[in-house]
Structures are given as structure tokens and as C-alpha cells.
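Structure first, then comments.
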Amino acid sequence: MPGLAHADIPSAQVQVCTTAPMAIHAQLSGPNQMGNTVASRAFTVPPREGCFTYANWWWQKGTPLMVVHGASSVEASWTADTFTIPSSFNGAVYTVWVTV
């Protein structure tokens, strides 16, 4: 019996996690699965190895994406980190760890 075929999906959802002792606020931006540059609404990541998956938002693999984050709800004080979902990533949800 031949092996199962797997379609290459050019996008993935993103899960943001933190080890911070307090909840953090974050926002994702970059090209979506259609190639349009978009930004998510701000969301809260729970403390101490907590994670938040921005469900049903698909981000393009192989291109720079940005997560801005901070402990304060004042977005002007947030830090920006750039990351790239590797083109070779085969999962549906890519995890990004941030610190404050």
C-alpha cells in the first residue's frame, strides 16, 4: 500500500507562550495565507508557561512575522520581536516564546 500523500500547506496558526510570572498582552502582524499584511487584535497570554493560540488566523511560512508584547496594556511600551515560521514546518500551530 502506498504512503499517504500530504499537501504542503504554506501557512500555519501561531501560538504565543510566555514564562513570565504575570499575564502579558500581545499582537501578531505580518503576511497571512493570502499574502496580505494584517494585524491581529491584541490578546492576553496567561502567566507561567501559559499560551494563547490565535485560532483561525493563518500566517505565511517563510516570511518575517512580528509579535509585539508587554506586561502593560499600553501598547506604546511593548517590545517587538520578529520571527519566521520555517517553510519546512509541517504542523498546524507554530509556537513562539516571548519574555518581558
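None of the figures in this text is laboratory data; all of them are computed from the coordinates on show. Computed from a predicted model, the values in this text were never measured in an experiment. Note that each Cβ is placed from the backbone with ideal geometry, even for glycine, and that neighbours are counted across all protein chains shown.
State the extension gain, in nm to one decimal, for the chain segment bounded by Thr79 and Gln33, taking 0.36 nm per residue of separation less the distance between their alpha-carbons. Let's see the in-between values first.
Details: separation 46, 0.36 × 46 = 16.56 nm, distance 2.48 nm.
Separation in residues times 0.36 nm, less the Cα-Cα distance, equals 14.1 nm.
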Problem set entry | For segment 11-98, alpha-carbon Rg over 2.2 N^0.38 Å | 1.02
Seminar exercise, completed: Taking Lys and Arg as +1 and Asp and Glu as -1, residues besides Met66 with C-beta under 14 Å from its C-beta add up to -2
